[in-house]
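Here is the structure we will look at.
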Amino acid sequence: MTDSSRPSDHFDSSAARKGDDRVVQPKLGPIGYLRFFWRQLTSMKTALFLLLLLAIAAIPGSLVPQVSSDPNGVIQFKANNPTLAPILETFQVFTTYSSVWFSAIYLLLFVSLIGCVIPRTRHHFDALRARPPKTPANLQRLEGFTTRSSPAAAEAAIAVGQQLLKRQGYRTELYTINGSPTVSAERGYLRETGNLVFHSALIGVLIAVGLGGGFGYTGQRVVVEGYALSNSLASYDSFNPGRFFTDAALEPYSIGLDSFVPTYDDDLTSSSLGQVLDYTANVTSTLGGGEPQKATIKVNEPLAIAGTSVYLLGNGYAPVVTVRDSDGNTVFSQPTAFLPQDANLFSLGIIKIPDGLKQQIGIRALFYPTAVLTNLGTLASSYPDLVNPELTMEVYTGDLGLDNGRGTNAYALDTDSLTQIAGRTADSPTIKLGLGDSIDLPNGLGSIELTAIPRFVSLDVHHDPAQVWVLIFAILVLAGLVTSLFIPRRRMWITAVTAADGSVGLEYAGLARGDDPGLNAAVSEIAGKHVDQLGLKVES
Amino acid sequence: MTENFVLYSNIAVYSAMAIYTIAFIMFTLDLSRRSANVGATAEVGATIRVGQLASAGSTDLLERVDSSATAPAAKGPRYLRAAFALTAFGWALHVGAVFFRGFAAGRVPWANMFEFTLTATAIIVGVFLLVQVWQDLRFLGSFVVGFSLIALGVGTTNFYVDVVPLPPALQSAWLVIHVFVASLGTGFFALGAALSVVQLLQARRAAGKAVGLKFLDTLPAADKLENLAYRLIVVGFVFWTFTLIAGAVWAERAWGRYWGWDTKEVWTFIIWTIFAGYIHARATRGWRGSRSAWLAIIGFGAVVFNFTIVNLFFKGLHAYSGL
């Protein structure tokens, strides 16, 4: 790509310059070295090397789970590979695509690209204003060379030829070579334009992606039916701000989940019984102090609100468990989001009740929306909707560790220091509740009830101010690519030679500038049309 | 009704496979016949030498060649003609299978690995058939039909799943566009890789190796094959670029981000980069010829890897194999 006077796909065949390297080189000063490295970096060979290196460098990130796309997978991987994980961690393999080495490769590639695009743009700009070059004296040696005899005089024939070439989109210039009039023509400047657009748009994509990531943010929140999400830092379960994010970027709004309606295949004879057909979240959004508005969010239909998009990414059940003390006073009554474990929404939940009872209790609960007894005597869920809901609970007492100031995972219960009071290893059996059932807790602690089974959705809020620009540049990439690959850049010449006997011979030839499979055919087509037109002209 | 359509589809695909098998044998017999006949008759050389056709064609990359140029190629020797006709017949059944599967499901027939295998192989064979209008590439028949047969074999035995409704994430117009164009790109990459394999063999033969493969004498020379491969691969590359962009637009709708380095996204990117490298290699001294041919083959290898290994064994959001 270094040689800006060449078309993009010019085959750089001469080995002469390479040979020069071995000749005694002049001493290079610091500037000289800088120039040397710049030359090296912007050479086609280096660009190709970096491109292939980038492909190879992207592979490890697909073999090892990534923090960005699969954080739980990373935790799992580290637990399973205690010796390998620290080594990979050192080399930033869990964050491959933002790692120093991966960034270095693509940044070098883009520097190389810019170093190539700028001189080529300048050269192309000159070429756009330049006249087509003088016709070569010896057309025989060029591609598609063909001759015709002209019924018209030399000057007139060339004038007709010029018109013909112009109509076909050529830029033309008349010359006289060795006394013979000739027209020199060139077309396909768009090929190089497309090429430059393609490469510049790639830079545009990179910048837009960078800016979008820097000024944007994403937030996740689990919302139970009847509850709402508000677009503020405190409301999110997790929040990932960009580097240049400020709180001011959060437009105040709230989205309340009125209901979540899944549709499942309920055809008992179907092999896809229980498969999801549709998810619809009915929400009410309120922007600033404005009027509440009803809306729906579906999987492929995010809700656009205040410059953000709100996506429906997950759902499940959030059973409401009510716990009363021995006097019948309610000490706990709220929904807890259960994590779905399979397609039939068999789910796992952890409930922690630190206050209100004589002892702190922690509950490890399993929820079966449609409970069935398996051959092994265990419970399973056979359908994702609520046909025969059942909640089983193992209850522990002891210090839940919520008061020591260290954050604990709401979705995990560390039972090492706890005592099971109901469950497989306790005197009391595992507690089983259907909807509306209530049962006494062991040790006279009180009672527990399955009060209601609302659903929850997991909403993702995204704000990326540069997203549209990424799309625009991506479209430019595609447009530039198509133009640069499929528009032929070629030169074409017609020379009219008057022989000693006064007869006029026409010579045609072309020159490909880049890959141009159709050149020969194009030359003979021009020749044919030209002679046809001349024939008509003479007859009339 | 659904069961009937599924049945028709399966019957059609098994019939197509049977016919492809015969076509594959015929194509291979043709290659061996070429080996036997090399230099023996002028007739073979005249009909098979594709090189002469290339001078025809016009400004557009894939435009029809002059009919005068295609005429002799359309005849060709007996085995080759039979093989090609059988492939076309098998393809008609194959396309029938694709349509019946679509009718059965009431949607586009490429929502799980079995359906994708079924449709993508139909597109690959379709591209192979259509490309003959532009160039006589029938000598690639063994490769293309053989590849499709293996894919269909694995697809029908290992990937088969019943017709099930679309999960919500796939309920989008982008399913139609994104996946179809990806398959189309795959078809062009497959042919490009096939040509590159022949190109490498041809280069070895020219260098005095691979002496045993006499049929190569009846095929175009290495540089000719390289040009043909290049023209097919750039078309594939444009489709692949579109696939990548369309995928990003869809990912933004469905998953809330246009690019998240999901394993499938990573491999689509890797493939794009390899073929971008291929195109640049053709303009780089020392990389034209066999090296760029290797890149084309590696690129197509990555496409196959992306569809099989990545789909089945890598964890990611594109988990729609249905297995």
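The values are calculated or read from the model by the stated rules, or taken from the named source; none is laboratory data. Because the structure is predicted, anything quoted here is derived from the model rather than measured. As a convention, Cβ positions derive from the backbone with ideal geometry for all residues, glycine included, and neighbour counts pool all protein chains shown.
Which one of these is in contact with a strand residue (DSSP E or B) (Cβ under 8 Å, 6 or more places away or on another chain), polar (S, T, N, Q) and within 30 Å of A:His462 (Cβ to Cβ): A:Gln420, A:Gln334? Being in contact with a strand residue (DSSP E or B) (Cβ under 8 Å, 6 or more places away or on another chain), polar (S, T, N, Q) and within 30 Å of A:His462 (Cβ to Cβ) holds for just one of A:Gln420, A:Gln334, which is A:Gln334. Kindly indicate whether any position in the stretch A:473-483 is under 24 Å from A:Lys166 (Cβ atoms) and at pLDDT 90 or above. The answer is yes; a qualifying residue exists. Beta carbons closer than 6 Å, at least 6 apart along the sequence or on distinct chains, pair a first residue in the stretch A:164-188 that is of a type in the set (Phe, Trp, Tyr) with a second that is part of a loop (DSSP other than H, G, I, E, B) and surrounded by 17 or more Cβ atoms within 10 Å (Cβ to Cβ) for A:Tyr175/A:Thr135. Among the residues of the stretch A:446-503, those identified as in a strand (DSSP E or B) and β-branched (Val, Ile, Thr) are A:Ile448, A:Thr451, A:Val457, A:Val461, A:Ile494, A:Thr495, A:Val497, A:Thr498. Can you spot a residue in the stretch A:512-535 that is surrounded by fewer than 20 Cβ atoms within 10 Å (Cβ to Cβ), more than 14 Å from chain B (Cβ to nearest Cβ), out of contact with any Ser or Thr (no Cβ under 7 Å at 6 or more places or on another chain) and of a type in the set (Lys, Arg)? Checking the stretch A:512-535: not a single residue is surrounded by fewer than 20 Cβ atoms within 10 Å (Cβ to Cβ), more than 14 Å from chain B (Cβ to nearest Cβ), out of contact with any Ser or Thr (no Cβ under 7 Å at 6 or more places or on another chain) and of a type in the set (Lys, Arg). Only one entry of A:Ile439, A:Ile472 meets the criterion of being of a type outside the set (Ser, Thr, Tyr), surrounded by fewer than 21 Cβ atoms within 10 Å (Cβ to Cβ) and more than 30 Å from A:Glu225 (Cα to Cα), and that entry is A:Ile472.
Just to be sure before I move on: is A:Ala466 small (Gly, Ala, Ser) and over 21 Å from A:Gly349 (Cα atoms) in the structure I sent? So A:Ala466 passes the test.
For the stretch B:262-274, the tally of residues that are within 25 Å of A:Lys298 (Cβ to Cβ) and either more than 7 Å from every other protein chain (Cβ to nearest Cβ) or without any contact (Cβ under 8 Å) to a residue 12 or more places away in the chain (or both) stands at 2.
Can A:Gly510 be described as in contact with a helix residue (DSSP H, G or I) (Cβ under 8 Å, 6 or more places away or on another chain) and assigned to a loop (DSSP other than H, G, I, E, B)? The answer is no for A:Gly510. Consider the stretch B:108-135 and keep the residues that are in a loop (DSSP other than H, G, I, E, B) and at pLDDT 90 or above. The one that is nearest to B:Ser15 (Cα to Cα) is B:Pro109. Criterion first (of a type outside the set (Gly, Ala, Ser), within 14 Å of chain A (Cβ to nearest Cβ) and over 30 Å from B:Ala82 (Cα atoms)) does B:Leu244 satisfy it? Against the criterion (of a type outside the set (Gly, Ala, Ser), within 14 Å of chain A (Cβ to nearest Cβ) and over 30 Å from B:Ala82 (Cα atoms)), B:Leu244 qualifies. Of all residues in the stretch B:125-170 being within 16 Å of B:Leu86 (Cα to Cα) and of a type in the set (Val, Ile, Thr), which is farthest from the other protein chains (Cβ to nearest Cβ)? Top of the filtered list is B:Val145. A search for C-beta distances below 6 Å between a residue of the stretch A:426-448 that is in contact (Cβ under 8 Å) with a residue 24 or more places away in the chain and assigned by TED's automatic domain parsing to the domain that holds A:Ser333 and any residue that is assigned to a loop (DSSP other than H, G, I, E, B) and of a type in the set (Ser, Thr, Tyr), counting only pairs 6+ apart in sequence or on different chains, returns A:Gly444/A:Ser326; A:Gly446/A:Ser326. All conditions but one from (1) in the same structural domain as A:Val504 (by TED's automatic domain parsing); (2) in contact (Cβ under 8 Å) with a residue 60 or more places away in the chain apply to A:Ala201; the one that does not is (1). When A:Ser272, A:Ser259 are checked against the criterion of being surrounded by 12 or more Cβ atoms within 10 Å (Cβ to Cβ), in contact with an Asp or Glu (Cβ under 9 Å, 6 or more places away or on another chain) and closer than 18 Å to B:Leu166 by Cβ, A:Ser272 stands alone in meeting it. Summed over the stretch A:99-140, the residues that are in contact (Cβ under 8 Å) with a residue 24 or more places away in the chain and closer than 30 Å to A:Leu534 by Cβ give a count of 9.
Among the residues of the stretch A:141-172, those identified as outside any helix (DSSP H, G or I) and either aliphatic (A, V, I, L, M) or not assigned by TED's automatic domain parsing to the domain that holds A:Asn520 (or both) are A:Leu142, A:Ala152, A:Ala153.
Pairs meeting the criteria (first residue in the stretch A:365-388 and in the same structural domain as A:Pro429 (by TED's automatic domain parsing) and without any contact (Cβ under 8 Å) to a residue 24 or more places away in the chain, second residue among the small types (Gly, Ala, Ser) and assigned to a loop (DSSP other than H, G, I, E, B), beta carbons under 6 Å, at least 6 apart or on different chains) are A:Val372/A:Ser382. Taking B:Asn227 and the conditions (1) more than 8 Å from chain A (Cβ to nearest Cβ); (2) surrounded by fewer than 21 Cβ atoms within 10 Å (Cβ to Cβ); (3) assigned to a helix (DSSP H, G or I), which numbered condition does it fall short on, given that it satisfies the others? B:Asn227 satisfies all of (1) more than 8 Å from chain A (Cβ to nearest Cβ); (2) surrounded by fewer than 21 Cβ atoms within 10 Å (Cβ to Cβ); (3) assigned to a helix (DSSP H, G or I) except (1). On the given criteria, is A:Leu478 within 14 Å of another protein chain (Cβ to nearest Cβ) and surrounded by fewer than 21 Cβ atoms within 10 Å (Cβ to Cβ)? Against the criterion (within 14 Å of another protein chain (Cβ to nearest Cβ) and surrounded by fewer than 21 Cβ atoms within 10 Å (Cβ to Cβ)), A:Leu478 qualifies. For the stretch A:38-64, the set of residues classified as facing chain B (nearest Cβ under 7 Å) and of a type outside the set (Gly, Ala, Ser) consists of A:Met44, A:Lys45, A:Leu48, A:Leu51, A:Leu52, A:Leu54, A:Ile59, listed by residue number.
Of all the residues in the stretch B:283-301, those that are of a type in the set (Lys, Arg) and either more than 7 Å from every other protein chain (Cβ to nearest Cβ) or crowded, with 24+ Cβ neighbours inside 10 Å (or both) number 1. Could you tell me whether A:Ile203 is away from chain B (no Cβ under 13 Å), under 30 Å from A:Gly115 (Cβ atoms) and hydrophobic (A, V, I, L, M, F, W, C)? Against the criterion (away from chain B (no Cβ under 13 Å), under 30 Å from A:Gly115 (Cβ atoms) and hydrophobic (A, V, I, L, M, F, W, C)), A:Ile203 qualifies.
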